Every structure is written in structure tokens, then in C-alpha cells.
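Throughout, read-outs are computed from the coordinates displayed, never taken from laboratory work. Please read all numbers here as calculations on a predicted model, not as lab measurements. Cβ sites come from the backbone with ideal geometry, for glycine too, and all protein chains shown count toward neighbours.
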Amino acid sequence: MAVKAVSDGSPTPEDAVSSGSSAVTGDPPLRRGPVGRISRIAVLLVGAVAFLFPFYYMVIGSLQAEPNAGPTGALPDPGNLTLGNYSAIDGRISLLGTLANSGIFTGGVILGTVVFGLLAGYALAQLQFRGRGAVFGTVILVQLIPFQLLMMPLYVMIVRSYGLADTHLGMILPFAINSTAVFIFRQFFLQLPRDLFDAARIDGAGELTVLFRIALPLCKPALLTTVLLTFIGPWNEFLWPFLVTKQPDMQPLAVALANYISNVAGRAANPFGAILAGACVLAGPAVALFLAFQRHFESNDVGSGVKG
């Protein structure tokens, strides 16, 4: 005789497991009280203060007319704050001119890195060809070689062989292809569903059409990550541009500030404030770029473009 199960409305063990209840194990549900929340917030605040304090101290130190390197310098007298250290820098070097040179140098590097990294990363991720694994292994191997080991051969090739001394192109070329950008784009394109690309190819789209119409609109997180990582390197680079050009009107901001800090800041009325002011000028654009782009770092549901 068949026994018919009658539900009386009480939760079954399966319901308890699926709903996250502790009815099966008998343990009380985990609840965080106000003490736990306050402790967690306090730990986060301590970490945030420890992270931001060096930047705060750098800015405050750059604004002090009289140097105060002690602990009391973190809370200076308002009457001791001035923009004189920044005026001293602008009097020695042209901030606008060096900023323009840095923009040309960094912008050219970012453009080359994004274009070549996008093409190479897409090819290594989505195209099938002989030796693809060897090419990717070479890309990984290149990341292990410090740029300083290649600097002298690159200098001979760029300056003497190609005659690109005292040119922006000579500064940009050694950084135009970045293996890290190739790796980032390859890993991102590997995560995209192949059905998106196969459907476009069945409709007759070529590889460039698939790249720019299908893959590129989805890779905003990878693109922004590449831009930020690429920006930091050339923006802070001072040794290679210094080797390529000795003309002051072509030197980027990092080179001009390095010369200022090493040759002039030590003889300034406030060397401590002059050095910190130079560091603030150099770090300001990088921090502003990160703050402008950080909200765009979000996860994209790339699988939502596939039906079924």
C-alpha cells in the first residue's frame, strides 16, 4: 500500500539546509551584535589612517614655511602654512611645460601599450595558431627581465642607430609594448564565452570586426586596469628620458623634479618642504587619475550576452 506524505507546513531538513537555517546542525544562527560591528569599523578606520597618514604628512610638510619634521609637524600652526615651496619649484622649472612633456610621453606610451596589448592579447586568447603557447611563454619570460638590464642596448639602438635623441618618439618606443598589458588582455579574453565570437563568425564577421564590435565593448575593466598600471611607470620614469634628451624644454616632470631635488632643493630655504612639494607635484596626477577611474572597476556579467 502506498503511503502518501502529508505536509503539515513544518520545515523539512532539506528546507533548512537550503535556507541557511541551523535546524539540521542544532547550532544557533550566527549574529553579529553592535560590539562586533564597532570592532570591525574600528579596525578598518585604523587601517585607513595608517594608509593615508604618509600622504597627509607629505602634503602638510610641503605647505610648511618653517620645516618641522617632528611628530608635531602633523598638526602644524595655520600661520606656518604657505604655498611658497610650490612657487619656488615653479621659479626653477616650468611646471606647465614639464607637465605637457610628461603628458606627451605618458600618453604615447599608454596608446602604444593599449593598441599592441589589445591585439596581442586577443590573438593569444581567441586565435588558434602554431606556437601560441611558446609565444605566451615568451611574454611571461619577458616580465622577469628588469628594464635596467636592457637600458644600455636600447640606448645604443634608439639614440645611435635610429637617431632619435632629443625626440619624444625616442622616449616612447622602449615602453610602447608592455608584456603585462598583453597578459591582462589575454586573461580577460579567455574568460569571455566563445559562443559570442562563434556567433559573430557564423554571421560572416572577420576577426577585426569580432575584436572591435564584440570583445572591445566588454573589456572596460581590463582596459582601465591597463591604463592605470601603464600610467604609473612612464609618469615616474626619469632615468630613460634623461638619457635620451638633455634639453630642459623637452624633459618630463619626473626628470625636472629629480634635477630640482638633487641640485636645488638642498640649497633652498626650506629643503624639507621643497622635497615634499616636489613629491606632491609628481604624485598628484597619478592620485587624481586613480580617484577618477576607481569607480569604474566593477565586475561585468559577460555571460549575459549568451542566450540559454
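Summary of values
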{"item": "Under the Karplus curve 6.51 cos²θ - 1.76 cosθ + 1.60, θ = phi - 60°, whole-Hz ³J(HN,Hα) for region 86-95, x wherever Gly or Pro sits", "result": "6, 5, 5, 5, 5, x, 8, 10, 7, 5"}
{"item": "Burial ranking of peptide ranges 90-100, 174-184, 231-241, 140-150 (average Cβ count within 10 Å, highest at the top)", "result": "174-184, 231-241, 90-100, 140-150"}
{"item": "For region 157-171, 3J(HN,Hα) per residue [Karplus equation, 6.51 cos²θ - 1.76 cosθ + 1.60, θ = phi - 60°, Hz, x = Gly/Pro]", "result": "6, 6, 7, 8, 6, 8, x, 9, 5, 6, 9, 5, 5, x, 6"}
{"item": "Residue list for region 54-76, given a label point 7 angstrom along the Cα-to-Cβ vector of residue 82 and an amide N cut-off under 14 Å", "result": "62-68"}
{"item": "Alpha carbon Rg of region 106-173, scaled by the compact-globule rule 2.2 N^0.38 Å", "result": "1.36"}
{"item": "Additional length obtainable on full extension of the chain from residue 40 to residue 144, 0.36 nm per residue less Cα span", "result": "33.5 nm"}
{"item": "Residue 64 long-range amide H proximity, modeled H, under 5 Å", "result": "82"}
{"item": "Whole-Å semi-axes of the ellipsoid equivalent to region 197-249 (Cα gyration tensor, √5λ, descending)", "result": "40, 13, 7"}
{"item": "Percent of C-alpha pairs per 5 Å bin, region 45-144, short to long", "result": "2, 9, 11, 11, 9, 10, 10, 10, 9, 8, 6, 4, 2, 0"}
